[in-house]
Structures are given as C-alpha cells and as structure tokens.
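Derivation of every value follows stated rules applied to the coordinates shown; laboratory data play no part. Just so you know, these numbers come straight off a predicted model, no measurement behind them. FYI the Cβ positions are ideal-geometry reconstructions off the backbone, even for glycines, and counts take in every protein chain you see.
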Amino acid sequence: TQHVTRMASSSDASMSDAWAHDYSDLSPGSTSSMSPPPVVCIAHAPAVRKTQMILHALIRKQEYSARTVAITANALRNNPADYTAFAVRRLCLTQARDTHVSNLTRMLEEEFAFTGDFVEMFPKNYQLWGHRRWLADTFAISDSNGKSEEDTQQCLLDEMAFAHVAIEDDNKNYHAWSHRAYFLQKAANVLPSAAADRMFQAEMAYTARLLDVDNSNNSAWNARHLAVTLLFESATTSHDTVEAQARVDAAMASETAFALARLEVDP
C-alpha cells in the first residue's frame, strides 16, 4: 500500500452526504434497541437521532460498506468526538484491506484527507488524533509490503509535518506533540540507525527553532529531551563500542553547550 497522506486537501468524497445512500433495508429501531442500552436517552435533534439509529443498525448487521463510512461521516459532523464512529471507520478500512478491495488506495486517500480536514477544524480532538495515528501506522508505516526504506521514512516525515501544521497554530498543542513523539519513536523501530539518527537530529533542530521564539516552551523542551534520549539509545546499540562512545560523547557535548547557551538567554 502506498502512502497517500495529503497534508491539505478536500475530503468531499469521504464527507459525501450520507443521505445519498439507501438505508431502506435497515430496521433502525429506537434508542431502546441499542445494545447496550443507554443509561439516559439524550434529547437529540431528529436528524442526529436518525443518524445514530442507522449507524447502530449497520453495526448490528456488521456491515462495513461505503454507506457505513458515509453515515459515520455524518455522525462525526454531529459530534466530532464520537468514538464509536471512528471505531467503525477503522473496521471499514480493516475489512477493505483484508478482503483486498480494488479501491483501497482511494479509500485511504479519502481517509487521510478526512482526518486532515477535521484536524484543521478540531485540533485538540483526541479521538481524531488517535484515529489518524492508527491510520498512518497501520497503512503507511507498519504495512511494509513493497515499501522501500525511503518510502517508510517519507511516511514518518509526512506525519511529523502533519503535526507541525497544528503546532504552528498552537505551539503547545499536546496532541500534535504526542503525534510527533509517537512517530519519532517509531523511527527507532522501523528505520536503520543512520536514517533514524537523522530524524532525531532533525527534531533537535526543529525544537531549537521553536525555542528561539520561546525559550520557555515546555513542549519543545520535552520533545528535545526525547530526541536526545533516542539519539543516545541509538548510539549504545552500535557493535563498535569505540564508535558508540564517540557518538555519545559528541552528542553530550553538543547538548550541554546548547543548554548552557539557553541559560544565558534566560537564566
């Protein structure tokens, strides 16, 4: 599966009107037919209630089709933090992969675009960030079938850049920083040490630029700490102990100098 992230694109196809599909074969029932039944029935608007009843009817039917994807998009318009809707979208994509559907690449393109558009609107929606992480990890990183080292590294860089867009708007967005941290750690597991080291060093350069703007940016300091730690850990895995020690010493000297320079700026 090729990586199909699109950093800024329309997700019209994925967000298509759910009512363009036919649901007449379903028996949506009422809130009392939901399993498990809700403790309290919320007084939703009729259109919202209709969406939820159709979604739960499709769940009971275990149908993970195009119309199921469409109705989850509608549910997420109504409630962008609807965990069930995100979980069902994951089931739809997983089934599409496992059954080798011919349009899987298009489905993934639409899902990456869908998450991109939603993050722009709801940059602190943790269900959304978790879904995006699963999407990229499952289909662009861990699925290494036919993927070169360069492809895998580009997938990781794309997700780092995806988080950067949110950080530009709010440089202490916890969800965006967590996203970067996840894929930085992933690099240590899926890339050769030299390629992973380049990513760790790039993250150190990235945090340095942000600290030039705000020396008290705790998020940037935490990210830098992770990058330095990963760089040290990478050095210690080298079979050449002399070379490994030299790398650790060089990194330690560089980071100590960096910290001392920052203390001069803001003691």
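Here are some notes:
- Cα pair count fraction exceeding 23 Å, expressed as % - the stretch 23-153: 38
- Per-selection metrics, the stretch 103-160 (Cα): Rg and Dmax in Å: 11.9, 34
- For the stretch 161-198, the set of trypsin sites (Lys or Arg not before Pro) satisfying both a DSSP loop assignment and a count of at most 16 other C-beta atoms within 10 Å is given as Lys172.
- Length-normalised contact order for the stretch 156-267 - Cα pairs under 8 Å, 6+ apart - percent: 21
- The chain: DSSP helices with Cα axial extent of at least 20 Å and average Kyte-Doolittle hydropathy no lower than -0.5: 46-61, 83-98, 104-121, 149-169, 174-190, 193-213, 218-236, 241-265
- The alpha-carbon of Lys50 sits under 22 angstrom from the alpha-carbons of these lysines, leaving out residues fewer than 8 places away in its chain: Lys61.
- Order of Ser148, Ser238 under a 10 Å beta carbon neighbour criterion, fewest first: Ser148, Ser238
- Candidate aspartates and glutamates - alpha carbon under 14 Å from Lys147, same-chain residues fewer than 8 apart omitted: Asp137
- Base-10 log of normalised Debye intensity for the stretch 173-215 (one unit scatterer per alpha-carbon) at q = 0.14, 0.19, 0.31, 0.32 Å⁻¹: -0.36, -0.62, -1.04, -1.06
- The peptide list 128-138, 99-109, put in order of mean Cβ contacts within 10 Å with the highest first, becomes 128-138, 99-109.
- Computed over the chain: relative contact order in percent, which uses C-alpha pairs under 8 Å that are six or more apart: 17
- Annotation: lysines with alpha-carbon distance below 25 angstrom to Lys124 (same-chain offsets under eight excluded): Lys172, Lys186.
- Residues listed by number, the stretch 56-73, amide nitrogen under 17 Å from Ser27 label point at 7 Å toward C-beta: 56-63
- Adding -39500 (n - 2.57) for every DSSP H run of four residues or longer, then dividing by how many residues the chain holds, sets the calculated 222 nm ellipticity at -22500 deg cm²/dmol.
- Pairwise alpha-carbon distances in the stretch 156-267 exceed 18 Å for 50% of all pairs.
- Hydrodynamic radius by Kirkwood, which averages 1/r over all alpha carbon pairs of the chain, in angstrom: 20.8
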